[in-house]
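Worksheet: the structure to be examined is printed underneath.
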Amino acid sequence: MVTQQHYWNGVRVPYITAWTAESVPVPTIVRRIGRGGEGIGYADEEPLIDRRHEALWVRTGLAPGRGRPDFARVNSLRQKRTMRFGLCQVCGREATRADERTLYLLGAATPYLRRGDHGRTASAPEVRARGA
């Protein structure tokens with residue numbers, strides 16, 4: 001899986017960064033009652049696209065490299081891809097070995113990443129070490 005590295009004004013843009021051309025209309029949020037109890041969802045929700053393991057994903061467009069990078073936002077589609085396939089959030093290439101697992105705990109203000117016997121706070125998948 002090869003991903004194109006994007007630059008803006010000479011600065012490397014991380015793979016999961018959102019671009020201004022990726023904005024989408026804000027969907028209508030509704031109250032839902034499901035297997036896990038009461039929650040929220042989109043009025044026009046597509047369960048296979050908008051949810052994974054009961055978690056509602058932010059909607060976003062897909063146009064990397066078009067417009068300007070918005071370093072304050074994450075593209076949720078690329079973020080899902082990095083988490084699902086163990087990719088680096090900066091370069092988009094494989095970051096974890098096949099025999100390792102990464103656990104992302106949801107429900108707190110900040111998700112926690114736990115690997116082995118040491119835990120650390122993370123809001124996104126790990127960054128691949130240079131030269132690794």
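Quick note: the coordinates plus some simple rules give every number you see, no bench work behind them. If you're wondering where the values come from, they're calculated on a predicted model, not measured in any experiment. Neighbour counts are summed over all protein chains in view; Cβ atoms, including those assigned to glycine, are modelled from backbone coordinates with ideal geometry.
Quick notes on this structure:
- What the Cβ-Cβ distance of residue 43 and residue 3 gives, at R0 = 35 Å and to the nearest 0.05, is a FRET efficiency of 0.60.
- Linear extension gain, residue 72 paired with residue 35, 0.36 nm per residue minus alpha-carbon span: 10.0 nm
- Net charge of the neighbourhood of residue 68, taken over other residues with C-beta under 15 Å away and scored Lys/Arg +1, Asp/Glu -1, is +1.
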